[in-house]
1. What relative contact order, as a whole-number percentage, does the chain give when Cα pairs under 8 Å and 6 or more residues apart are counted?
2. Could you check the simple spin-label distance between Asn73 and Glu54, using points 7 Å along Cα→Cβ, in nm with one decimal?
3. Which ³J(HN,Hα) values in Hz, rounded to whole numbers, follow from the phi angles of the stretch 108-118 under the Karplus curve 6.51 cos²θ - 1.76 cosθ + 1.60, where θ = phi - 60° and Gly and Pro get x?
4. Please give the peptides 4-10, 16-22 ranked by average Cβ packing (other Cβ atoms within 10 Å per residue), highest first, as a rough proxy for protection.
5. Per-residue counts of other Cβ atoms within 10 Å, averaged by peptide: what ranking do you get for 95-104, 27-36, highest first?
6. If one computes P(r) from the Cα atoms of the stretch 74-113, what percent of pairs lie at distances over 14 Å?
7. Set the Förster radius R0 to 22 Å, insert the Cβ-Cβ distance between Phe116 and Ser138 as r into 1/(1 + (r/R0)^6), and round the FRET efficiency to 0.05.
8. Could you name the aspartates and glutamates in cross-link range of Lys45, using Cα to Cα under 19 Å and dropping any fewer than eight places away on the same chain?
Amino acid sequence: MFFIVSGSFIRNIISSSGDEKTVMFHTESFHEFVKAYDTIYFHEKTNYEIKANEKSIVIAFDYDFLYQRVKLNLELLVYFTERTEQLFTTLDLFRNFQLALTSEEYLVWLYQHYNFLFQRFPAQNIASFMGISPVWLSKLKAKLTS
């Protein structure tokens, strides 16, 4: 488990055919805790790959060590619980709006709520995250700015 002090990361999942699909973005102020859920919770080899998007500084934690400290420290428990709730809320919003909106509407929603993604992350990863091709993302952006 990592805590991002500065910089940004892209979390991809590797499909059964070996393709990388972007599933989340992480920065020092957005989903700053990074972990491979399948490894931590299911003790399985991970299908995730976490790549640095820019020069970054992280603090690495052993999850079990951190979990024991959280159980002993109320302030740390509150902080960790709040950050986890923010993560789950964002994941839920991303998933719900991606399923409910057209790709154009979803792009508008992302610009309105998470504009920093477009400033810090490559278009190819944003397209992958949205489930569209980079070419289609480019066309949507052009349509929105015309």
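1. Rounded, it is 24 percent for the chain.
2. 2.8 nm
3. 4, 4, 4, 4, 5, 9, 9, 4, 4, 4, 6
4. Ranking the peptides 4-10, 16-22 by packing returns 4-10, 16-22.
5. Working: 95-104: 12.2, 27-36: 16.9.
Order by mean packing, descending: 27-36, 95-104.
6. Of all Cα-Cα distances in the stretch 74-113, 56 percent exceed 14 Å.
7. The formula returns an efficiency of 0.65 here.
8. Asp19, Glu20, Asp62, Asp64
Read the figures in this text as sums done on the coordinates, not as results from a lab. Worth saying up front: this structure is predicted, and the values here are computed from it rather than measured. Neighbour counts run over all protein chains shown; Cβ positions are idealised from the backbone, glycine included.
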